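Colleague: Attaching a single structure in structure tokens format; questions to follow.
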Amino acid sequence: PASAFAEALRVLRTSLMHARVDKRLQVLAITSAIPDEGKTTMSLCLARISAMSGQRVIMVDCDLRRHSLSETVAVSARTGLLDVLSGQSDWRGAVAQDPESTAHILPALRSSFTPQDVFDSDAMTRLIADLRANYDLVILDSAPVLAIAETRTVACHADLALVVLRTNKTPTGATRAALRELQHAGADVAGVALNRVD
């Protein structure tokens with residue numbers, strides 16, 4: 001908790017909380033331009049730092065193909081996000097506890113990919129509204145923008161979107177394209193977080 005790494009996350013959290021003077025940040029979408037830039041690690045660490053600060057936090061694994069968040073935290077669940085969105089389960093019964101903090105996780109199950117655009121549904125809108133009513137901060141860990149089309153829809157459910165870029169890896173053109181795609185979809189992009197800086 002006293003490391004430079006943790007302090008950098010506190011600075012990021014403070015920057016996000018004050019990014020818009022006219023809007024309270026309650027739902028944050030975290031994405032990247034391409035895979036393997038560290039967005040899930042960023043989501044998890046930001047959630048833990050926020051929970052340590054006293055906020056009620058939930059992370060939603062919105063990457064239905066890779067399930068990075070659910071696998072990183074080793075969540076063993078019988079129900080997940082798609083069960084909630086299809087009406088087969090209440091979100092409260094699908095939520096798991098983060099073993100390292102007071103944050104909660106709504107996982108995506110290993111077999112949960114669907115070709116349907118579940119994020120552009122009334123069920124997703126209702127879920128986000130319910131989570132807003134029960135948590136101080138909702139973090140949507142999303143798939144990479146340029147790889148998965150529905151990430152743009154997920155980002156539009158959030159108050160702000162944050163794009164994670166990996167130092168010396170993310171091409172400039174990919175970064176510009178990802179930001180452009182998010183803005184064209186109507187997402188409010190707070191900015192970028194430069195990851196894995198030496």
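The values are calculated or read from the model by the stated rules, or taken from the named source; none is laboratory data. The structure presented is a predicted model; accordingly, all values stated were derived computationally and were not measured. Note that each Cβ is placed from the backbone with ideal geometry, even for glycine, and that neighbours are counted across all protein chains shown. Just the protein is used for accessible areas: all its heavy atoms, side chains included, with ligands, DNA and RNA removed. Shrake-Rupley method; radii C 1.70, N 1.55, O 1.52, S 1.80 Å.
Colleague: From ALA161, ALA129, ALA94, ALA133, grab the single residue that is in contact (Cβ under 8 Å) with a residue 24 or more places away in the chain and not charged (D, E, K, R).
Modeller: On the way: ALA129 fails: in contact (Cβ under 8 Å) with a residue 24 or more places away in the chain; ALA94 fails: in contact (Cβ under 8 Å) with a residue 24 or more places away in the chain; ALA133 fails: in contact (Cβ under 8 Å) with a residue 24 or more places away in the chain.
Residue meeting the stated conditions: ALA161.
Colleague: Further, regarding this structure: With within 18 Å of HIS157 (Cβ to Cβ), touching a Lys or Arg at 6+ places or on another chain (Cβ under 9 Å) and either at pLDDT below 90 or not acidic (Asp, Glu) (or both) as the only criterion, which of VAL84, VAL57, VAL118 stands out?
Modeller: Working: VAL84 fails: touching a Lys or Arg at 6+ places or on another chain (Cβ under 9 Å); VAL118 fails: touching a Lys or Arg at 6+ places or on another chain (Cβ under 9 Å).
VAL57 is the lone residue from the list that is within 18 Å of HIS157 (Cβ to Cβ), touching a Lys or Arg at 6+ places or on another chain (Cβ under 9 Å) and either at pLDDT below 90 or not acidic (Asp, Glu) (or both).
Colleague: Turning to a different aspect of this structure: Considering each residue of the stretch 16-57, count those that are touching a residue at least 12 places away in the same chain (Cβ under 8 Å), farther than 17 Å from GLU71 by Cα and open to solvent by 30 Å² or more (accessible area, probe 1.4 Å), and give that number.
Modeller: Selection size over the stretch 16-57: 9.
Colleague: Among the candidates SER101, SER86, SER121, which residue alone is more than 13 Å from the chain's Cα centre (by Cα), of a type outside the set (A, V, I, L, M, F, W, C) and farther than 27 Å from ARG24 by Cβ?
Modeller: Exactly one residue qualifies, and that residue is SER86.
Colleague: For the structure I just gave you, tell me whether THR72 is free of Cβ contacts under 8 Å to residues at least 40 places away in the same chain, open to solvent by 30 Å² or more (accessible area, probe 1.4 Å) and within 14 Å of the chain's Cα centre (by Cα).
Modeller: Working: free of Cβ contacts under 8 Å to residues at least 40 places away in the same chain: yes; open to solvent by 30 Å² or more (accessible area, probe 1.4 Å): yes; within 14 Å of the chain's Cα centre (by Cα): yes.
Yes.
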